[in-house]
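Throughout, read-outs are computed from the coordinates displayed, never taken from laboratory work. All of these numbers come straight from a predicted model, not from anything done at the bench. Using ideal geometry, Cβ is built from the backbone for each residue, glycine included, and neighbour counts are taken over all protein chains shown.
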Amino acid sequence: MIKINDLHKSYKMGNSSLHVLKGIDFEVAEGELVAIMGSSGSGKSTLLNIIGMLDIANSGVYELDEVPIKDLDETKAAQYRNKFLGFVFQSFNLINYKSALENVALPLYYQGIKRKERQQKSLDYLEKVGLKDWATHLPNELSGGQKQRVAIARALASQPKVLLADEPTGALDTTTSYEVMDLIQKINEEGKTILVVTHEHDIAKMCKRIVTLKDGVIVQDKKVNQELASKYV
Amino acid sequence: MSRRNILFDRDTWQEIFGSISKNKTRTIITVIGVLWGIFIYITLSGSAKGMDNGFDKAFENVAINSMFLWAQRTSLPYDGFKSGRSPQLKLQDAEYIKKRVPSVEFIAPRNTRGLFDGGQPPIVVRGSKTGNYTIYGDTPEYVNIFPLKIFEGGRYLNTDDYKYERKICIIGERTKSELFEKEEDPIGAYINISGIYFQVVGMHKTSDEGGFASDSDIYIPLSTFRRLYNTGQDVDWFTIAASDDADVVAVEKQVKQVLRRIHRVHPDDERAFGSFNLGEIWNRIIGFKDGLTLMSLIVGIATIIAGVIGIGNILLISVKERTKELGVRRAIGATPSEVRKQILLESVFLTLLAGIIGIILGAFVLAGINAGTANLDDFPFTNPTVPPSYIIGALFTMISMGVLIGLIPAQRAVSIKPIDALREE
């Protein structure tokens, strides 16, 4: 699903440049649930941003579902993001003046799906994350866990090939974190490829594979025995 | 990915309406600027039009290229005469003026009793009723210069009346009501003016704005007047209309020059003949009206522009506030052009919304002013309307300004990369 070869990324900081990714080789097959770990500054978020087409690598090859991702302008990147990727952020990033339903429907709006269909689909996804009854509520009327579940529903709504989660439990307490991970595991069980950036070991252990970054290179890549989050819920 | 025609898509408008209606404070503050601008514009240009109409109405009965001309006292000695002499206008002056000044289209000599001569107006008797009324001696040409409204069934004096010195008269509305019974038809009846019986042939309705004319005036043929009051060839004043394309001020100068020659007055004596030039006054009023209209246009448009700039300003701030939201939209698939269009359409929509409310409010205020001044006859203000072209022009200005101004925040919104917008903590 994801194929990355010798990926480099550096940022210009005044006169010096900061080499963040120093040759990443990385592959993800369909249906995997991968945790990307590392301390801050290790380059894990940069890697996720490049995979998410929010950032562009300086050199190297990136293929998503056998489509080479290169020479992207903003318009093309937006269209690819809309078609291939679903994002889950640490701070949820819901639009605060839109209801839960409207938030979930937004990627479908940008896909050009008709209103009726959009609403039906969004409602289905809200039901899937267990928030059908909260469809008309605004984000500030929801708890943190609920907000993240709405965000997950939004990320799923456009039926992406890959779900990218950047510290999805970073703003949540332990119990809620496990609830969200439980949901992510269930979605993964249905066959969705998911990448989770985290620095929490207990969250990483709930994935099927852990990739550890340090100073811009992958230092460890191992399959693990997935710990089920439902145990703790 | 399907790309729809964004302008005619219900979803686009729902998205914009959502963003606008959910940010109420911002929307209201934004709208007030343009609303105020268009309100000022509509009220000002409507008022200017109202005054325009008011002046037109006040002068509708007047040939605006006309003047009155009378004799005063000479101020310079000339040709053996001392200064301080009063020249006497004569009937034959009219023919002479017409011959020498071709731009004079109509010239009507007038005589009167009971207006400028300081005496009591002549007594008019009908049966047991009497009254004192100003009597005018007129030629048929007079109505070409100052049209009179004659009530149905009557007529004004004609050339035969003048030629045969007929004893006929046209009475005023008030004269009728004072000398006749309410239901009586005055046409054909006889009234006694200064001891002579005249047959009433018409009744006139005088508008208030016609200078010293009043609704009690009685008009008789000038020829008859001369016999009745024994005025010979003397004329009290001339009423002159210049042809439409002539310069009334120049005509006035030429006529006075001719009169000075006839009456042996010093060519430089400006005081020998007095005049009141309606054309000149009218020109000034037109200048004033045009100035007023232009000013209201400039002030109105400038206020609208200021308002639209205000919208741009607030949208710019709101784009900054909404950086995160716009970043999220970009991350989940909004293309830069979709974001740009959204900000632009928000700008245009807010501008238009404000404009339409402003137009409606302005219309209400104009209607209020109109109702309030409807009974004020001496205030020149009638039917204050704003020409559709002005409104369309204003709307066009607003839309194009809204687009232009909206481009700045729209460009700002697009220039923020989604990754920067999302990296906020």
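Run the reach check for B:K176 against lysines, Cα to Cα strictly under 18 Å, same-chain hits fewer than 8 apart removed. What comes back?
Answer for B:K176, where 18 Å is the Cα cut-off: B:K129, B:K149, B:K167, B:K205, listed by chain and number.
Would you mind estimating how fast segment B:1-128 diffuses translationally, via Stokes-Einstein at 4 °C and 1.567 mPa s with the Kirkwood radius over Cα pairs, in µm²/s?
Details: Rh = 23.8 Å.
Stokes-Einstein gives a translational diffusion coefficient of 54 µm²/s.
Listed highest first by mean packing, meaning other Cβ atoms within 10 Å per residue, what order do A:153-165, B:20-32 come in?
Those peptides, ordered most packed to least, come out A:153-165, B:20-32.
Just to confirm the number: angle between the C-alpha axis of helix B:24-58 and the first principal axis of chain B, 0 to 90 degrees, nearest 10?
10 degrees
Counting pairs of Cα atoms in chain A, how many percent are more than 32 Å apart?
Working: 4960 of 27028 pairs.
Percent of Cα pairs beyond 32 Å in chain A: 18.
Give the Cα extents of segment A:1-57 along the principal axes, in whole Å, largest first.
Here the spans come out as 43, 21, 19 Å, largest first.
Please sort A:85-94, B:221-230 by packing, taking for each peptide the average over its residues of neighbouring beta carbons within 10 angstrom, highest first. Show your work: numbers first, answer last.
Working: A:85-94: 23.4, B:221-230: 19.5.
In descending order of packing, they fall as A:85-94, B:221-230.
Let me confirm one metric for peptide A:82-92, namely the mean number of other chain beta-carbon atoms within 10 Å of its residues' beta-carbons. Write out the running numbers ahead of the final one.
Numbers: counts 7, 2, 1, 3, 2, 6, 0, 4, 2, 4, 1.
Mean shielding by partner chains, rounded to a whole number: 3.
Residue by residue through B:414-421, how many Cβ atoms from other chains fall within 10 Å of the Cβ on average?
Working: counts 1, 0, 0, 3, 10, 9, 1, 2.
Per-residue shielding by partner chains comes out at 3.
Using every Cα-Cα pair within segment B:8-64, state what percent have a distance larger than 18 Å.
On the way: 996 of 1596 pairs.
Tail of the P(r) past 18 Å holds 62 percent of the pairs.
Aspartates and glutamates within cross-link reach of B:K163: Cα-Cα under 18 Å, excluding same-chain residues under 8 positions apart?
Straight-line reach from B:K163, under 18 Å: B:E95, B:D138, B:E141, B:D234.
Kindly rank B:311-319, B:36-44, A:217-225 from highest to lowest mean number of other beta carbons found within 10 Å of each residue. Intermediate results must be reported in sequence, preceding the final value.
Values: B:311-319: 20.4, B:36-44: 24.8, A:217-225: 12.2.
The peptides rank, most packed first, as B:36-44, B:311-319, A:217-225.
Could you work out how far helix A:100-111 tilts from the main Cα principal axis of chain A, as a 0 to 90 degree angle to the nearest 10?
Once rounded, one gets 60 degrees.
Report, largest value first, the span of the C-alpha coordinates of segment A:185-233 along each principal axis, in whole Å.
34, 22, 16
If you line up the long axis of helix A:74-84 against the longest principal axis of chain A, both from Cα atoms, how many degrees apart are they, to the nearest 10?
60 degrees
Based on the Cα coordinates of segment B:127-241, what is the per residue volume of their convex hull in Å³?
On the way: hull volume 12.6 nm³, N = 115.
Measuring per residue, one finds 109 Å³ for the Cα hull of segment B:127-241.
Let me test this: with uniform point scatterers at the alpha carbons of chain B, what is the Debye-based log₁₀ I(q)/I(0) at q = 0.08 1/Å?
-0.65
For segment B:39-114, what is the Kirkwood estimate of the hydrodynamic radius, computed as the reciprocal of the mean inverse distance between distinct Cα atoms, to one decimal in Å? Could you put the intermediate results ahead of the total?
On the way: mean 1/r = 0.0590 Å⁻¹.
Value: 17.0 Å, from the Cα pair sum.
Projected area of segment B:75-157, taken from the Cα convex hull and averaged over every viewing direction, in nm²?
Working: hull surface 36.4 nm².
In nm², the orientation-averaged hull projection of segment B:75-157 is 9.1.
Taking every residue in B:22-28, how many Cβ atoms of other protein chains lie within 10 Å of its Cβ, on average? Provide the component values of the computation, followed by the final result.
Values: counts 7, 1, 1, 0, 0, 0, 0.
Per-residue shielding by partner chains comes out at 1.
Once you have all Cα-Cα distances for segment A:79-177, histogram them in 10 Å bins from zero and send the whole-percent values.
18, 52, 27, 2
Mind pulling up the Rg/Rh value for the protein assembly as shown? Radius of gyration and Kirkwood radius, both on Cα.
Numbers: Rg = 45.2 Å, Rh = 32.9 Å.
Ratio of gyration radius to Kirkwood radius for the protein assembly as shown: 1.37.
Name the most mobile residue of B:D245, B:D234, B:D56, meaning the one with the largest mean-square fluctuation, in a Gaussian network model of chain B with Cα contacts below 10 Å.
B:D245
Stokes-Einstein at 10 °C, 1.306 mPa s, Kirkwood radius from Cα pairs: D for segment B:334-420 in µm² s⁻¹?
Values: Rh = 15.7 Å.
Answer from the Stokes-Einstein relation: 101 µm²/s.
Would you please state the base-10 log of I(q)/I(0) at q = 0.14, 0.20, 0.21 1/Å for segment A:4-124, with intensities from the Debye formula using one equal scatterer on every alpha carbon?
Each listed q corresponds, in turn, to -0.76, -1.23, -1.29.
List the lysines whose alpha-carbon lies under 22 Å from that of B:K24, not counting same-chain residues fewer than 8 positions away?
B:K24 reaches A:K98, B:K320, B:K324, B:K341.
For segment B:114-192, just run the numbers: alpha carbon Rg, then divide by 2.2 N^0.38 Å, N being how many residues it has.
It is 1.16.
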